[in-house]
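The values are calculated or read from the model by the stated rules, or taken from the named source; none is laboratory data. Note that the structure is a prediction, hence the values are computed from the model and not measured. Cβ placement follows ideal geometry from the backbone for every residue including glycine, while neighbour counts extend to all protein chains displayed.
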Amino acid sequence: MAGNADVRRTVMFPSFLFVTLLVALSNAPVGDAIWLNLPSTGTKCVSEEIQNNVVVLADYVVVPEDHGHIPAISVKVTSPYGNNLHHMENVTHGQFAFTTQEAGNYLACFWSESHTQGGGEASVNIDWKTGIAAKDWESVARKEKIEGVELELRKLEGAVEAIHENLLYLKSREAEMRTVSETTNGRVAWFSMMSLGICIAVSGLQVWYLKRFFQKKKLI
Amino acid sequence: MKRWGKMWALMGLLLLNWVSNVSSLSVTVNDVECVYEYVLFEGDTVSGNFVVVDHDIFWSSDHPGIDFTVTSPGGNTVHNLRGTSGDKFEFKAPQSGMYKFCFHNPYSTPETVSFYIHVGHIPTENNLAKDEHLDPINVKIAELREALETVTAEQKYLKARDARHRHTNESTRKRVIGYTVGEYIVLALVSALQVLYIRSLFSKSVAYNRV
């Protein structure tokens, strides 16, 4: 699917657009920026398993091709229970934000709408931030009137808190999994014993039934 | 030319505190899936990890693995891992530009890969214009941030591994219940069939001195 042509084509951005993009992104809080190549047919999906009550902020921009034409894409974001969180057709950029109501796998699917440009692959820049990365530091800086080094240290403090929360989450997950493992362990022992019991019971029943049958037939 | 120089300096300042970071995203790899990430400065450390989360191995206990390749903007392969079901990687970017991270699945079953890529930059003298000074505190803050990022990356790796372990556990649990109940039913059925067969051997339609 992806060959050297993809790398060459995606590297050749018009520089002014790139600079604007960079400036725009640099004013955004610390987050993500991955590029995906959308084929002309078919869907590309990215998913993430997110806990409950987490802020998700995402930005997507379609990068124009060499000849200035911007291909249009469609986006669909679904929650783990199938609820539609964001659905846009035929756009070149957009953003969505939501707070997760349920823990599970959140899916964001992209597909290209430019069917006429046969063979052209749209490059989408996806800026996906969850949790601490989605925090709006600008408003915190304005509200508490801090800036520069103090703001940076405040960001680091936020990152440390996020690390602590993640650790607690991992710990609770491990506890859940340990419960499941121990239940399965107990079940294996129980079911194996029961299997032996059923085997003996069934063969006993067989022998008893056949004995009764032959006695009725006056063969024994 | 001077205007461009000032623009790059301005960008450099703006980006001094911007570290490219990716959430732990998952993609389904059918054959080849490529993700691109832009590296701003040459010499930046690109680190990350990936774990194959959703796989359905039936008999064997070991996952056959997927291949992971990182290509630099110049077309060279910077990093290459074959047949792994998850690993961490780190390399120093030889040039700035768009890097391609590709997952290749040599088998027909689609796999879900959870990955995390982080481009870390520590400001050095080279990134600023000649008339700007490098504040040592900014360097220290950047180093601290990078250290915290390694911890976060490790946590994301653990989370992905935990998700994979959970899949295996769930699968084991289902198999234990499913196969045991199936075993009981088949056992009961087989013995009933045995009895029926022996009965039919003694039925009136077949002369029983033939038995």
> List pairs: first in segment A:196-220 and in contact (Cβ under 8 Å) with a residue 40 or more places away in the chain and more than 8 Å from every other protein chain (Cβ to nearest Cβ), second charged (D, E, K, R) and surrounded by 11 or more Cβ atoms within 10 Å (Cβ to Cβ), Cβ under 7 Å, 6+ apart or cross-chain?
Replying inline: none
>> So, A:HIS164, is that one modelled with pLDDT of 90 or more and more than 8 Å from chain B (Cβ to nearest Cβ) or not?
In response: yes
> What residue, of A:LYS218, A:LYS211, is outside any helix (DSSP H, G or I) and more than 50 Å from the chain's Cα centre (by Cα)?
Replying inline: A:LYS218
> Would it be correct to say that B:VAL78 is away from chain A (no Cβ under 11 Å) and either in a strand (DSSP E or B) or under 16 Å from the mean Cα position of the chain (by Cα) (or both)?
Replying inline: yes
>> Checking the conditions here, which among B:LEU158, B:LEU134, B:LEU144, B:LEU148 is among the aliphatic types (A, V, I, L, M) and more than 10 Å from chain A (Cβ to nearest Cβ)?
In response: B:LEU134
> On the given criteria, is A:ALA189 in contact (Cβ under 8 Å) with a residue 24 or more places away in the chain and of a type outside the set (D, E, K, R)?
Replying inline: no
> Hey, among the residues in segment B:156-195 that are over 30 Å from A:LEU210 (Cα atoms) and among the hydrophobic types (A, V, I, L, M, F, W, C), which one's surrounded by the most Cβ atoms within 10 Å (Cβ to Cβ)?
Replying inline: B:ALA160
> Would you call A:HIS67 on the phi < 0 side of the Ramachandran plot and part of a loop (DSSP other than H, G, I, E, B)?
Replying inline: yes
> Take the residues of segment A:154-164 that are in contact (Cβ under 8 Å) with a residue 24 or more places away in the chain and surrounded by 15 or more Cβ atoms within 10 Å (Cβ to Cβ): which is farthest from B:ASN138 (Cα to Cα)?
Replying inline: A:ALA162
> Does B:VAL53 meet the test of being modelled with pLDDT of 90 or more, of a type in the set (A, V, I, L, M) and assigned to a strand (DSSP E or B)?
Replying inline: no
>> Going by what's in this entry, would A:GLU144 be described as modelled with pLDDT under 95 and over 18 Å from B:ALA163 (Cα atoms)?
In response: yes
>> Among the residues of segment A:124-154, what is the count of those that are hydrophobic (A, V, I, L, M, F, W, C), part of a helix (DSSP H, G or I) and within 13 Å of chain B (Cβ to nearest Cβ)?
In response: 8
> Can you tell me which residues in segment B:26-43 are surrounded by fewer than 17 Cβ atoms within 10 Å (Cβ to Cβ) and of a type in the set (Asp, Glu)?
Replying inline: B:ASP31, B:GLU42
> Is it true that some residue in segment B:86-105 is farther than 30 Å from B:GLU143 by Cα, of a type in the set (Gly, Ala, Ser) and either more than 14 Å from chain A (Cβ to nearest Cβ) or out of contact with any helix residue (DSSP H, G or I) (no Cβ under 9 Å at 6 or more places or on another chain) (or both)?
Replying inline: no
